[in-house]
Amino acid sequence: MKREVTDKTILDKFLEDFIRIADKYVKYIVVSGFVSIAHGRSRGTEDIDMIFERISKEKFKELHFALIKGGFECIQSDNPEIIYDDYLNSGTAIRYTKKGEFLPEAEVKFAKDSLDEYQIKTRMKLPLTGLDVYFSSIEMNIAFKEELLKSDKDMEDAKHLRLIYRGKINEQEIEKIKKQIRKLRFNED
Amino acid sequence: MKINMRDKSHDEQIERWADYVRNNPDWKKKHKKFIDGQIIMANRFYKKLAETAEGKAIIQELRAAKIRKNSV
């Protein structure tokens, strides 16, 4: 099911432009709502969520200036020192848009614990999306939506992914991830 | 107790559309119109808003609220 160029949405093109630059500097994954939308889920979103591996301030500066050169701007600040210290390194997401545009936005966070590191380690390309970018696994997305996020929208996203990948989902992996979510995000034993 | 705000027909719609995506290669064309339409409409609105007297300040507040929401 290869995607024709004309089938690419504004979100697809924005993401591919962003990743073409970011991929040279950092290991990343695309997570959350966009994963479902890229699999055909018919709902809106304003941002594309990404998790970056932790990188040094120097490396982040290089990435930031490459993004600026590539036509992006950071909503929070023009100063990469401030973006790194006050936001990324403090666990707050940063947001990039195309210069002068309002939407879409790339929402980027650093990996915050071993579960995020595991998400990056097990990242994969998902051919059904027709996009040449790395996503967190389908099992990871389902587990986060069913165990942590749990809004109506998230439960519907999980249901959609379960239907699209019917017969191909590793339920044991989902349970393993849910256990880690309870341990690391809810402090349960 | 979690209150389910969606009714059964909503659930059935998700199943119908997921089946459509699995079985019809042309789903992307329909999907593209839907996704692009939302982005185009929102950007058109924000551009109009930015042209009004208070518009830029309102947009700044909306963005700040979004950043706060995602930092908790």
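The values are calculated or read from the model by the stated rules, or taken from the named source; none is laboratory data. Worth saying up front: this structure is predicted, and the values here are computed from it rather than measured. With ideal geometry, Cβ positions are generated from the backbone for all residues, glycine too; neighbour counts draw on all protein chains shown. Surface accessibility is based on the protein's heavy atoms, side chains included, excluding ligands, DNA and RNA. Shrake-Rupley method; radii C 1.70, N 1.55, O 1.52, S 1.80 Å.
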Note to self: Rounded to whole Å, give me the distance from the Cα center of the range A:19-70 to that of the range B:35-55.
What the structure shows: 24
Check: Cα extents of the protein assembly as shown along the three principal axes, largest first, in whole Å?
Finding: 47, 45, 41
Margin query: Spelling out what I want: for every residue of the range A:83-97, take phi, set θ = phi - 60°, compute 6.51 cos²θ - 1.76 cosθ + 1.60 (Karplus), and round to whole Hz; glycine and proline get x.
Written below: 4, 6, 6, 7, 10, 3, 6, 9, x, 9, 6, 10, 10, 10, 10
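Provide a whole-number value for the mean count of partner chain Cβ atoms within 10 Å of the Cβ atoms in peptide B:32-41.
Details: counts 8, 1, 5, 12, 6, 3, 9, 11, 2, 2.
Going residue by residue through B:32-41 and averaging, the value is 6.
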Check: Among A:33-46, B:15-28, how do they line up from the highest to the lowest mean number of other beta-carbon atoms within 10 Å?
Finding: A:33-46, B:15-28
Checklist line | Cross-link pairs beyond the 29 Å C-alpha cut-off, checked among A:Lys27/B:Lys69; A:Lys24/A:Lys150; A:Lys24/B:Lys47; A:Lys98/A:Lys183; A:Lys24/B:Lys30; A:Lys69/B:Lys66 | finding: A:Lys24/A:Lys150; A:Lys24/B:Lys47; A:Lys98/A:Lys183; A:Lys24/B:Lys30
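Quantify, in whole percent, the carbon and sulfur part of the accessible surface of the range A:90-146 (1.4 Å probe; protein heavy atoms only). Before the final figure, lay out each step's value.
Working: 1030 of 1980 Å².
Carbon with sulfur: 52 percent of the solvent-accessible area.
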Notebook entry, point to check: If you take every DSSP beta bridge whose two residues both sit in the range A:47-133, what share of them, in percent to the nearest 5, is antiparallel?
Noted result: 50
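Within a Cβ distance under 11 Å of A:Thr45, other residues only, what is the Lys/Arg minus Asp/Glu net charge?
Numbers: positive: A:Arg41, A:Arg43, A:Lys153; negative: A:Glu46, A:Asp47, A:Asp49, A:Glu105, A:Glu107, A:Asp157.
Neighbour charge sum, excluding A:Thr45 itself: -3.
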Next item on the list: Could you calculate the contour length gain from A:Lys112 to A:Asp86, that is, 0.36 nm times the residue separation minus the distance between their Cα atoms, to one decimal place in nm?
Entry: 7.8 nm
Next item on the list: Could you tell me which of A:Val35, A:Ile21, A:Thr92 has its Cα farthest along the dipole of chain A towards the positive end, charges placed at Cβ (Lys, Arg +1; Asp, Glu -1), taken about the Cα centre?
Entry: A:Val35
Notebook entry, point to check: What residues from the range B:28-50 fall in the zone where the backbone N is under 18 Å from a label point 7 Å along the Cα-to-C-beta line of B:His10?
Noted result: none
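Above 27 angstrom, tally the Cα pairs of the range A:8-143 and express them as a % of all pairs, no decimals. The partial results should precede the final answer.
Numbers: 1300 of 9180 pairs.
Value for the range A:8-143 (Cα pairs over 27 Å): 14 percent.
Compactness ratio of the range A:126-189: Cα Rg over 2.2 N^0.38 Å, N = residue count?
Values: Rg = 12.4 Å, N = 64, 2.2 N^0.38 = 10.7 Å.
Its radius of gyration relative to the 2.2 N^0.38 Å reference: 1.16.
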Check: Angle between the Cα long axis of helix A:171-185 and the longest principal axis of chain A, 0 to 90 degrees, nearest 10?
Finding: 50
Next item on the list: Quick one: angle between helix A:10-22 and the longest Cα principal axis of chain A, in degrees between 0 and 90, rounded to 10, please.
Entry: 60
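Just to make sure I understand: if all protein chains stay in place, what is the order of A:Thr122, A:Thr9 by accessible area at 1.4 Å, largest first?
Values: A:Thr122 40, A:Thr9 10 Å².
Descending order: A:Thr122, A:Thr9.
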Checklist line | Protein accessible area in chain B, 1.4 Å probe - carbon and sulfur % | finding: 58
Check: Sorting A:Glu173, A:Glu107 by accessible area (1.4 Å probe), largest first, what list results?
Finding: A:Glu173, A:Glu107
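Quick check: from the Cα gyration tensor, does the range B:4-72 come out rounded (a/c under 1.5), prolate or oblate?
On the way: a/c = 3.16, a/b = 1.84, b/c = 1.72.
Since a/c reaches 1.5 and a/b is larger than b/c, the shape of the range B:4-72 is classed as prolate.
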